[in-house]
Amino acid sequence: MRVIGDDGAQLGVMDLNRALQLARDAEVDLVEVAPNSDPPVCRLLDYGKLLYLSSKKERESKKGQKST
């Protein structure tokens, strides 16, 4: 799998055990972002922060909509 670091830098293609070890060392999560590509792409990031930012973005987009 191809691994992308938490700063956006590509760390290269590696096996799952090495990617999980990198995630544990950095104290972040290993999230699969493109499962259908060859090789699959995973990213090292804080999953809780990702969920928070996506819900915040969704709330902001709903704020601008007009209810009928």
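The values are calculated or read from the model by the stated rules, or taken from the named source; none is laboratory data. Model, not experiment: these values are computed from the prediction. When we count neighbours, we look across all protein chains shown, and the Cβ atoms used for this are built from the backbone with ideal geometry, even at glycine. Keep in mind that these areas ignore ligands, DNA and RNA; they rest on the heavy atoms of the full protein, side chains included. Shrake-Rupley method; radii C 1.70, N 1.55, O 1.52, S 1.80 Å.
Show the residue pairs meeting these rules: Cβ distance below 7 Å; 6+ apart or different chains; first residue within the stretch 25-39 and under 15 Å from VAL13 (Cα atoms); second residue open to solvent by 70 Å² or more (accessible area, probe 1.4 Å) and among the β-branched types (Val, Ile, Thr). The qualifying pairs are PRO39/VAL13.
Of the residues examined, ASP46 is not one that is loosely packed, with under 11 Cβ neighbours inside 10 Å and out of contact with any helix residue (DSSP H, G or I) (no Cβ under 6 Å at 6 or more places or on another chain).
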